[in-house]
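A.B. asks: Here's a structure for you.
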Amino acid sequence: MNIGGRLLTRFSPRPGHEGRGPDDQKGPPRIPEMLAALLIVVIGAGGVGLAAVLGFQSESLGKAAVGVLGTGLFLGFAWRVAVNLQRHGLEGLWLTFREPFGDGLFTPIGLAWALVAGMALAVCILIALHWGWLPVARGRRRGIWPRRSLQWFFS
């Protein structure tokens, strides 16, 4: 029985014939991939928004939110480095910094993860500014935004 030969004749591209294998898809991405990307953005934005709301309520919840979001950002970056190291060897480290979203392939799922990571980074910075954890060059004021002037907004 020549199973390999049958598979090759069935799924390999023939002259003048487009292959029927899973890697032969051309054109726009399939609908399930777009739905998965939309699901990642909706769930990710909900989680980041919840962390933002909780982080602005109290300083201890702010520390927890920044810790969780920062850990997620670090793990995502470490995953990207590991994938590039596996695919490209030691040059993969430099490839991670040159092309942070992958090997130049902007897939909907990759862009969705990048959008969620950008939102998480922005929320971490905003929470740190709100509670005065970042150094400020102006006088003795704690933080860039004084809490008294924004209490009407966050109460």
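A.B. asks: Return the distance in nm (one decimal) between the two label points of a simple spin-label model at Ala82 and Gln57, each offset 7 Å from Cα along Cα→Cβ.
C.D. replies: Reported label-point gap for Ala82 and Gln57 is 3.3 nm.
A.B. asks: Moving to a separate point now. I need the phi-derived Karplus couplings for the range 45-50: 6.51 cos²θ - 1.76 cosθ + 1.60, θ = phi - 60°, integer Hz, Gly and Pro marked x.
C.D. replies: Result, rounded to whole Hz: 5, x, x, 5, x, 5.
A.B. asks: Another question about this same structure. Tally Lys and Arg at +1 and Asp and Glu at -1 over the other residues with C-beta under 13 Å from the C-beta of Leu93: what net charge comes out? Please report the intermediate quantities before stating the final value.
C.D. replies: On the way: positive: Arg80, Arg87, Arg98; negative: Glu91, Glu99.
Residues near Leu93 contribute +1 overall.
Just so you know, all these numbers are worked out from the coordinates, no wet-lab data involved. Not measured: the values here are computed from a predicted model. Neighbour counts run over all protein chains shown; Cβ positions are idealised from the backbone, glycine included.
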